[in-house]
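Here, each number is a calculation from the coordinates, and none is a lab measurement. Predicted model, so just to flag it, every value in this text is computed and none were measured. With ideal geometry, Cβ positions are generated from the backbone for all residues, glycine too; neighbour counts draw on all protein chains shown.
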Protein chains: 2
Amino acid sequence: MTFTTRERLITAAFDLFEAQGFDATTVDQITTQAGVGRTTFFRTFGTKEDVLFPHHDEVLARVAARLGTATPGTRAVAVQEAARIVLDHYIAEGEVARRRYRLTSSVPALREREIASVERYRRLFSQHITHWLEGEPDGALRAELTATAVITAHNHVLRQWLRGATTDLPRDFERAMPFALRTLTSETGGQTVVVVSSAPSVEGVVADVRRALARDSAHA
Amino acid sequence: MTFTTRERLITAAFDLFEAQGFDATTVDQITTQAGVGRTTFFRTFGTKEDVLFPHHDEVLARVAARLGTATPGTRAVAVQEAARIVLDHYIAEGEVARRRYRLTSSVPALREREIASVERYRRLFSQHITHWLEGEPDGALRAELTATAVITAHNHVLRQWLRGATTDLPRDFERAMPFALRTLTSETGGQTVVVVSSAPSVEGVVADVRRALARDSAHA
DNA sequence: CGCTAGTACGGTACTGAGTACAGCCACGAT
DNA sequence: ATCGTGGCTGTACTCAGTACCGTACTAGCG
């Protein structure tokens, strides 16, 4: 079987980074090992860090597409499935994802790069949800909180899996996501109810709960 | 009045970045303008980006100190006040903060740098809260969600202020933070009550609420 | 006063990432 | 056959960041 230039660069980079460390490896070494010219490397990846994150643009596009199909009433589902797309990508990568995790954990420059790419996902979720909640009280804030919560829950279970602390990643994901989706209550179809009350008495809180439930069922 | 080398470098850098753009400005130009040697620049700031974020280490230390003094029962307050420390720092910076915001908004490299420093705050909160919730069900996940929520709420109101969309930043902060502190409910002394229920009926949810309130008041 | 140690600064020389540019070759279409 | 066109290569350059050494100034001590 034959490999593309891109694939040969990626494997060469991974091997060298693991053998010598990221900083100690020069782009010249990578291109020599891959048997291509130096210019080709930078045309393909832009920066030395990017060679480790070669699929994010594509995954980002898939996530955006999924969020774009959400309709009122299916938004919580769309958010959850969109996050699931990212997770599935890591699962598909398998051992490659773990190799990258070991590298990003130990090299500060790579950590920063990874954080930046997480931020791109966060922004994508944030933009969509903000749009959905436009006009609602505290919509912008609630949207950002929901987006970060989804990303955080996703990253939490993903990291457990990358560390080898867990094996049933989909199950962990299903468990963690409801925490994250609290601020999208009216979307959850009554399965999970969240009420925030500042009432001073127990009966006041209960009244707030009944009010909230009545409002939610009126939406349904 | 006399200025330290550090201060002269900072002002020179800000001026040049605003006049010519960040990428078009070389470290040589900054040091020439400030009247110091090139070596001094890198000894003082490490990287060209760092000159724009000169106080984060110190603020980070203050935040850590505040979180360290939290005791069971005062944790929600500690978290809120710790976030407030960061906010107050920006308020004290005043126009400098806005100048930096304009730069970070337009230059990708600076945006990444800023995101990375936000992540440092997030980690700090996360570490403390994780420690507090050790042993509780889903403690690690809830801790991360709380930390990110606090950071998100903080950043949300801060950004409004930096954009000039609001003037009463402390008030916005007080309003936004309760959203973020939802997952620290048992700490809020009853002022904010959050209940997550999966009960299939209204009465079931209400029963869950009463149970949760009973449990919380037993803690008090 | 001389001596010493620490601290802040400066200069030189180097590595290596990233850019600009010009050229080359294989290919498919007309 | 030739004419793009897309993927590849080499050369030369800028500039951030590092290593190393030398130099002033100050503080403290005999």
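Go ahead and run the numbers for FRET between A:Arg210 and A:Asp138, Cβ-Cβ distance against an R0 of 22 Å, rounding to 0.05. Spell out each step's value before the answer.
On the way: r = 22 Å, r/R0 = 1.00.
Between A:Arg210 and A:Asp138 the formula returns 0.50.
Once R0 is set to 30 Å, what does the formula 1/(1 + (r/R0)^6) return for the Cβ-Cβ distance between B:Ala165 and B:Asp23, expressed as a FRET efficiency to the nearest 0.05?
0.60
Of all the C-alpha pairs in region A:1-155, what % are more than 26 Å from each other?
Details: 4420 of 11935 pairs.
Summing the P(r) tail past 26 Å for region A:1-155 gives 37 percent.
Between B:Arg123 and B:Val77, what's the calculated FRET efficiency when r is the beta-carbon distance and R0 is 22 Å? Round to 0.05.
Working: r = 21 Å, r/R0 = 0.96.
Using R0 = 22 Å, I get an efficiency of 0.55.
Shape verdict for region A:90-147, please, from the Cα gyration tensor: rounded (a/c under 1.5), prolate (a/b greater than b/c) or oblate.
Numbers: a/c = 4.59, a/b = 2.52, b/c = 1.82.
Cα axes put region A:90-147 in the prolate bin.
From zero outward in steps of 5 Å, how is the percent of C-alpha pairs of region B:5-48 spread across the bins?
5, 27, 38, 23, 6
Placing the label point 7 Å from Cα along the Cα-to-Cβ direction, what are the distances from B:Asp168 to the equivalent spots in the other copies, shortest first, in nm to one decimal?
Its label point is 5.1 nm from the equivalent points in the other copies.
Could you work out the relative contact order of region A:5-50? I mean the mean sequence separation of Cα pairs under 8 Å and 6+ apart, divided by the number of residues, in percent. Display every interim value, and only then the final one.
Details: 26 pairs, mean separation 17.3, N = 46.
Here the relative contact order equals 38 percent.
Whole-Hz ³J(HN,Hα) for each residue in region A:99-107, computed from phi via Karplus 6.51 cos²θ - 1.76 cosθ + 1.60 with θ = phi - 60°, x for glycine and proline: what do you get?
4, 5, 4, 4, 5, 5, 5, 9, 10
Could you put A:Arg75, A:Arg175 in order, starting from the residue whose Cβ has the fewest other Cβ atoms within 10 Å?
Working: A:Arg75 21, A:Arg175 14.
Lowest count first: A:Arg175, A:Arg75.
As an exercise, identify the GluC sites (Glu not before Pro) in region B:88-145 lying in DSSP coil whose Cβ has no more than 14 other Cβ atoms within 10 Å.
Filter output for region B:88-145: B:Glu134.
Quick one: if you stick a label point 7 Å off each Cα along the C-beta vector at A:Thr47 and A:Val202, how many nm between them?
Distance between the two pseudo-spin positions: 5.7 nm.
Using the 10 angstrom Cβ neighbour count as an exposure proxy, how do A:Leu9, B:Leu52 rank, fewest first?
Working: A:Leu9 24, B:Leu52 21.
Fewest to most other Cβ atoms nearby, the residues stand as B:Leu52, A:Leu9.
Calculate one ³J(HN,Hα) per residue across region A:127-142 by plugging θ = phi - 60° into the Karplus curve 6.51 cos²θ - 1.76 cosθ + 1.60, and present them in order as whole Hz with x for glycine and proline.
Here the 3J(HN,Hα) series is 4, 5, 5, 4, 4, 5, 8, 4, x, 6, x, 6, x, 4, 5, 4 Hz.
For B:Thr26, place a label point 7 Å from Cα along the Cα-to-Cβ direction in every copy; what are the distances to the other copies, in nm, shortest first?
Result, one decimal in nm: 2.2.
Ordered by residue, what ³J(HN,Hα) values in Hz, to whole numbers, does region B:86-97 give under the Karplus form 6.51 cos²θ - 1.76 cosθ + 1.60, where θ = phi - 60° and Gly and Pro are x?
Once θ is set to phi - 60°, the couplings for region B:86-97 become 4, 4, 4, 4, 5, 4, 5, 5, x, 4, 4, 4 Hz.
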